[in-house]
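So the structure is just underneath, and the comments pick up after that.
What follows is calculated from the coordinates using simple rules that are stated; it is not laboratory data. These figures come from a predicted structure and were not determined experimentally. Cβ atoms come from the backbone with ideal geometry, glycine included; neighbour counts cover every protein chain shown.
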Amino acid sequence: MPGYLADLRAPGALELAFVRSPFAHALIGKISGPAVTATELGVGDLRLGGHGVAPWPWPALARGEARFVGEAVAVVWAETRAEAEDLAESVEVEFEPLEPEAPRRLFERTIDAGAVDVCFQRAEHVLERTFSCARQTPLPLETRGVLAHFEAGRLTLWSSTQIPHILRRGVAQALELEETAIRVLVPEVGGGFGLKAHVFPEELVAAQLARRLGRPVRWIEDRRENLLASVHAHDNEVLMRAAFGADGRVLAVEADLRCDVGAYSVYPFSASLEPATAASAIFAAYDLQGLRVSARAVTSHRCPVGAYRGVGTNTAVYATERMLDLIAGHLGLDPLEVRRRNALRHLPCTTLGGRELDSGDYLELLRRVESVSGYEALRREQAEARRQGKLFGIGLALFNEHSGTGQSEYRSRGIEEVSGLDACRVRVTAEGRIVIHTSSVEIGQNHAPAYRRLTERMLGLEPGRVDIHEGDTDVCPPGTGAFVSRGAVGVLDAIAGALRLAGKQDLAPGTDVTCSIDPKQVFPSGAHLAVVEVDAVTFVPRLKRYLAVEDCGNVIDQRTVSEQIRGGVAMGAGKVLLEESAYGEDGQPLAATLLDYLVPVAADIPRIEIEHLVSPSPISAQGSKGVGEAGTIGAFGAVANAVADAVAPLGAELLELPYGPQRIFAAIQLATTSKQKKGRRLGG
């Protein structure tokens, strides 16, 4: 299907606009004007909750109370979007502002493994710090959108989504329809990044109104709605204690992780997504004798938090890598050497956090970073820059991430609405063309060349005979969709399985074979290095150099992998240096436009150097491990450490993301004031 959702036109389509709450918490009274409310809409809540997850679903339209600024309380429609927006502005809603509700605890997980107490008792040193990751937004270039049409008892939805089959399931549940009565089609998608891996209230409203009105209805999100009311990410705080020896070896870690998940639990991932992922990722690349983590999800009067590139792992890697640099500084050791002494050495293994690591060589990743970056010369360059009064910092990060998550892992987190399955259908047309239908969708990963190459290689075909189709629930087999880098793991394995079922000798026209698999998690890894210079007057940090050494197993398509890494690094750097979905104490958003929500531009990102270490996964059929989130995760550690290292000579300690000029200045001022007070005490 050509074009993006905003390019699609249906004859007689009505345009929707939503009336949204201006209050963080308020009773909804009388609504006057040409609007449909929650009571009149008659759409059920999406079922959420499983083992350890308290249900707190996001309603299609607010019922009784609005719980965050931007929550939809009513909907209107007109022949054009401009007319619909005018109608929405004419609707009068009687709001009665309320005090904030007490936070609800929607999920909690505890990890307690190894000899934690013993390690802390015999440790020569203990450091404790609190690390904060700001609330942020995925901000795809294309905003959300949906076009719904109900005809002859069947609902067709065109949606800019990453999860066509999960969307079909959610809409069927909310509208009390059979899944077979719904077709979901995905046009071009202008960026997903996890944002579009949810079923949203607006999709439910559009589907129900199409059924009610007997006409197609369409909604295209504007940027303000996107910033206020799509989903946010992170908003996490980690209180971490590390017990370590004089040699820099970390013995045990304790962490208390609090995740603000906003006003509601999101479908299909629930409120468990951030805390469960982050809990297992803390110190996951390092050899510990003890690990104790308490992680919980709590509500607030803010936009709900959902999936975003590197979800949970970003927070864990940021806190882990900052703590390792603080340990290095405390002991006067080089940060690279501290990582060498602590890195896991014998893979495969299972970490204390429960990650079943399938392959990798973490010491070799660090060695490559040292060699390719010219690490010793870089440190000499830093020393010279500091003699000249420059604030020059070098930051490192070593990490692993999960990809291709299957059914058992989702169930262990209490997530019931994600199947965890990936599937492929192989069909041979009358003309002898091989048509590959997958359960995934194309959101910028460049699936088709990799899928064609695998098919041609396995079947011994000349190029040009293979067609790839994704994003149509009528012809594509049911599965999980496109997130957690599963395209290079579960989807490729499903394609290979279907091709083996078809067999080289049985590709006659009419052949139609489907293979569905439940993938087992695999764990890509990487080591990144960043160089940052902070302006000594304005305290604006500038990223000067970036090196990513990646181990994503066997590389299926070199160019695609490289671009995924580069895009991920740019995104992660923006999160560390600039981006924050800030709120005031009254729950009002402080970054509701792109004048206030700052993102990096091309000039902010240097050339990104990429090196590959290949340790094939013994689990995935192709030996590949996925790479879609690696760049973002690595940048959360490397860029943050580089900025902190740049201002360390001034005594400043940075713990709260993003590391923008205001926070850097405040940290320097605090260090200066503390030094002056200490001097006065000594002098007195």
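Note on the stretch 421-517: Cα Rg divided by 2.2 N^0.38 Å, N the number of residues, gives 0.96. A crude spin-label estimate for the pair residue 126 and residue 80, with each label 7 Å from Cα along the Cβ direction, gives 6.8 nm. Among the trypsin sites (Lys or Arg not before Pro) in the stretch 343-437, those located in a DSSP loop and surrounded by at most 13 other Cβ atoms within 10 Å of their own Cβ are 345, 433. Geometric descriptor of the chain, per residue, is 162 Å³ (volume of the convex hull of the Cα atoms). With R₀ set to 35 Å, the beta-carbon distance separating residue 603 from residue 223 gives a calculated FRET efficiency near 0.95. In the chain, the longest principal axis of the Cα atoms and the axis of helix 81-90 are about 80 degrees apart.
The angle between the Cα long axis of helix 447-459 and the main principal axis of the chain comes to about 80°, on a 0 to 90 degree scale. Is the stretch 100-331 best put as rounded, prolate or oblate by its Cα gyration tensor, with a ≥ b ≥ c the root eigenvalues, rounded for a/c under 1.5, and otherwise prolate when a/b is larger than b/c, oblate when not? Prolate.
Among beta bridges from DSSP that stay inside the chain, the antiparallel ones total about 75%.
Computed from Cα positions, the angle between helix 313-331 and the longest principal axis of the chain comes to roughly 0 degrees. Computed from the C-beta positions of residue 349 and residue 431 and an R0 of 51 Å, the FRET efficiency is 0.50 to the nearest 0.05.
Relative to the present Cα-Cα distance, how much length would full extension add between residue 461 and residue 540 at 0.36 nm per residue of separation? Can you show the working numbers first?
On the way: separation 79, 0.36 × 79 = 28.44 nm, distance 5.47 nm.
Length difference between fully extended and current span is 23.0 nm.
Excluding same-chain neighbours fewer than eight residues apart, the lysines reachable from residue 625 by a Cα-Cα span under 26 Å are 196, 520, 575. Antiparallel beta bridges, as assigned by DSSP with both residues in the stretch 421-517, represent about 75 percent of the total such bridges. Per-residue packing, averaged as other Cβ atoms within 10 Å, sorts the ranges 168-175, 316-323 into the order 316-323, 168-175, beginning with the highest.
What shape does the stretch 274-396 take by its C-alpha gyration tensor, where a ≥ b ≥ c are the square roots of the eigenvalues and a/c under 1.5 counts as rounded, a/b above b/c as prolate, and the rest as oblate? List each step's numbers first, then the result.
Values: a/c = 2.25, a/b = 1.43, b/c = 1.57.
It is oblate, given that a/c is not under 1.5 and a/b is not larger than b/c.
Site pair residue 448 and residue 334 shows an inter-label distance of 4.8 nm when each label is modelled 7 Å from Cα along Cα→Cβ. Peptides 639-645, 259-265, 536-542 ranked from most to least packed give 639-645, 259-265, 536-542, packing being the mean of other C-beta atoms within 10 angstrom over each peptide's residues. This ranking places 659, 4 by how few other beta-carbon atoms lie within 10 Å of each, fewest first, which gives 4, 659.
Taking 0.36 nm per residue of separation and subtracting the Cα-Cα distance, what length does fully extending residue 152 through residue 178 add? Kindly include the intermediate steps, with their values, before the conclusion.
Working: separation 26, 0.36 × 26 = 9.36 nm, distance 1.42 nm.
Fully extending the segment from residue 152 to residue 178 adds 7.9 nm.
Suppose a student asked you for the relative contact order of the stretch 421-517, using Cα pairs under 8 Å spaced at least 6 residues apart; what percent would you report?
Numbers: 186 pairs, mean separation 45.3, N = 97.
47 percent.
Provide, as a two-decimal number, the C-alpha radius of gyration of the stretch 81-238 over 2.2 N^0.38 Å, N being how many residues it has.
Working: Rg = 22.1 Å, N = 158, 2.2 N^0.38 = 15.1 Å.
Expressed relative to 2.2 N^0.38 Å, the Cα Rg reads 1.47.
Look at the alpha carbon pairs under 8 Å that are at least 6 residues apart: their mean separation over the length of the stretch 100-331 gives a relative contact order of 30 percent. Separation of the stretch 379-437 from the stretch 135-170 is 23 Å, based on Cα centroids. Ignoring aspartates and glutamates fewer than eight residues from residue 30 along the same chain, the ones with Cα atoms less than 18 angstrom from its Cα are 40, 65, 71, 89, 92, 94, 96.
How would you rank 419, 272, 408, 403, going from fewest to most other Cβ atoms within 10 Å of each one's own Cβ? Could you put the intermediate results ahead of the total?
Working: 419 21, 272 32, 408 11, 403 29.
Ascending number of Cβ neighbours within 10 Å: 408, 419, 403, 272.
Here residue 678 is the anchor, and the lysines within straight C-alpha reach of less than 28 Å, apart from those fewer than 8 places off in the same chain, are 390. Our note on the geometry: Cα centres of the stretch 244-312 and the stretch 1-38, 35 Å apart.
Structural descriptor for the chain: relative contact order 15 percent, calculated from alpha carbon pairs under 8 angstrom and at least 6 residues apart.
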